[in-house]
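Here the structure comes first, spelled out in structure tokens, and everything after it is commentary.
Coordinate-derived values only; no laboratory data. All figures in this text were calculated on a predicted structure; none of them were measured in a lab. No Cβ is skipped: glycine too gets one built from the backbone with ideal geometry, and neighbour counts run over all protein chains shown.
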Amino acid sequence: MTVNSDTVSYLFDRTLTSIAFDFMRRYTPVYPLLVDTRPSDGPYEKEGGFGGLGLFEEHNEEQDATEDSPAQQHKVTFVHGEFKKKTRVSRRVYDDEDWGYVRNLAMGYGRAGAQTFDANIATLFNGGFTTTMIPSGSGQTALFSNTINNIDSTYSYDNLITNAFGVEGVRQMQQNIRDQTDYVGQPTEDSLDTILLPTDLEEAGLEVVRSDMRPDNANMARNVYFGVVQAIIWNRLTSATAWMGWDSDALMRNSVQYIRVPPEFYGDGNVETGHRIFGGYFRKSNGFVDGRGMCGSTGAT
């Protein structure tokens, strides 16, 4: 193979891309535990709900079933955003064969790509108490709210508490999730199995989920949440007191990430005659369809 400027540029890009993807795979992200990732083949995606079907009715042999007419509920549109980064690599790097710098650059791109996914999803959960993001009645409300309405304002539900984290707080969160109902007032049958905590609550959280005895009780009382609830500790949560939890199946139904263009790395320019640009790009969107099966606490009391 003849080695010319085009070949050098091609090998340069292939090397950086290979290293970037390798280090992107090495990073252990948290977001797969928090969002259901789906492919997209268009500029946007739509999700929506419909009114619950209710229960089956018992009829005599001669009676026909009553026709059910579930009502259209909320619609959510996911519009994909573009995520980009690029870095100029000078001729001097090529002349001096500074491949250590090139390798570190590629490693940094791989890590930055993976971290961007985590940071983007963290924005959703950090804004869960203040940012309007899920449908409620004819408008929107925060992910965690005391009143979240159906489109016709019937069978509202509440997924916000204020308990400080602890065994009693977990009990209140479990009860809140179990009290939530679907579009026709039937229990959702969801149950708390995961809590998400900031690093400030790590020790307390691990005591609750890993102790077979209640850490807040000196009388050797059994901890009913041992082996039932798991804890995710995340250093990207910005509040020292707020915490949240959910039923894992419900979370994967309602927390959605669409990937329109998966991460890719590219090169442009000629490293022999001036510089070469190395960059990365992807397109995605994310959000919540519904807040049922989830509960958040500000940790204020």
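Please compute the length gained on full extension between residue 158 and residue 63, using 0.36 nm multiplied by the number of residues separating them and subtracting their Cα-Cα distance. Can you show the working numbers first?
Working: separation 95, 0.36 × 95 = 34.20 nm, distance 3.87 nm.
Stretched out fully, the residue 158 to residue 63 stretch lengthens by 30.3 nm.
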Note to self: Treating the chain as a set of equal point scatterers at the Cα positions, no solvent, please give the Debye-formula log₁₀ I(q)/I(0) at q = 0.09, 0.12 Å⁻¹.
What the structure shows: -0.60, -0.88
Check: Relative to the longest principal axis of the chain, what angle (0 to 90°, nearest 10) does the C-alpha long axis of helix 167-179 take?
Finding: 70 degrees
Check: Relative contact order, percent, of the chain when contacts are C-alpha pairs under 8 Å separated by at least 6 residues?
Finding: 27 percent
Checklist line | Phi-based couplings in Hz for segment 250-266 (Karplus 6.51, -1.76, 1.60; Gly and Pro marked x) | finding: 5, 4, 5, 6, 10, 9, 10, 10, 9, 9, 7, 10, x, x, 9, 10, 8
Notebook entry, point to check: Cross-link partners among lysines for residue 86, C-alpha distance below 27 Å, same-chain residues fewer than 8 apart left out?
Noted result: 284
Checklist line | Helix axis angle, 5-26 relative to the chain longest principal axis, alpha carbon, degrees | finding: 30 degrees
Checklist line | Order of 143, 34 - criterion: other Cβ atoms within 10 Å of each residue's Cβ, fewest first | finding: 34, 143
Check: Dipole of the chain, Cα-centred, from +1 at each Lys and Arg C-beta and -1 at each Asp and Glu C-beta, to the nearest 20 debye?
Finding: 1780 debye
Notebook entry, point to check: Using a Gaussian network for the chain with springs between C-alpha atoms less than 10 Å apart, which of these wobbles most: 26, 178, 236?
Noted result: 26
Item checked: Karplus (6.51, -1.76, 1.60) ³J(HN,Hα), θ = phi - 60°, over segment 195-202, in Hz, Gly and Pro reported as x -> 10, 10, 10, x, 4, 4, 9, 4
Notebook entry, point to check: Can you put 19, 233 in order, fewest other beta carbons within 10 Å first?
Noted result: 233, 19
Notebook entry, point to check: Between residue 223 and residues 5 or more places away or on another chain, which pairs have amide H atoms under 5 Å apart, with H built 1.01 Å from N, and which residues are they?
Noted result: 213, 214
Notebook entry, point to check: So what's the back-of-envelope 222 nm ellipticity for the chain, counting only DSSP H runs of four-plus at -39500 (n - 2.57) apiece and dividing by all residues, rounded to 500?
Noted result: -9000 deg cm²/dmol
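Using the beta-carbon distance between residue 277 and residue 55 and R0 = 45 Å, what value does 1/(1 + (r/R0)^6) give for FRET efficiency, to the nearest 0.05?
The computed FRET efficiency comes out at 0.15.
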Check: Using Cα pairs under 8 angstrom and six or more residues apart, how large is the relative contact order of segment 165-255, in percent?
Finding: 35 percent
Margin query: Under the rule of at least 5 residues apart or a separate chain, name every residue whose amide H is placed under 5 Å from the amide H of residue 132.
Written below: none
Margin query: Please give the Cα centre distance for segment 172-198 versus segment 209-256, rounded to the nearest Å.
Written below: 13 Å
Checklist line | Likely footprinting exposure, 133, 294, fewest C-beta neighbours within 10 Å first | finding: 133, 294
Next item on the list: List the residues whose amide H sits under 5 Å from the amide H of residue 244, counting only those 5 or more places along or on another chain, with H placed 1.01 Å from N in the peptide plane.
Entry: 196, 297
Check: Residue separation times 0.36 nm, minus the C-alpha to C-alpha distance between residue 191 and residue 266: what's the value?
Finding: 22.5 nm
Item checked: Alpha-carbon Debye profile of segment 99-172, log10 I(q)/I(0) at 0.19, 0.23 Å⁻¹ -> -0.87, -1.01
Margin query: Output the 0 to 90 degree angle, nearest 10, between the alpha-carbon long axis of helix 99-126 and the longest principal axis computed from the alpha carbons of the chain.
Written below: 20 degrees
Notebook entry, point to check: Using the beta-carbon distance between residue 203 and residue 44 and R0 = 30 Å, what value does 1/(1 + (r/R0)^6) give for FRET efficiency, to the nearest 0.05?
Noted result: 0.10
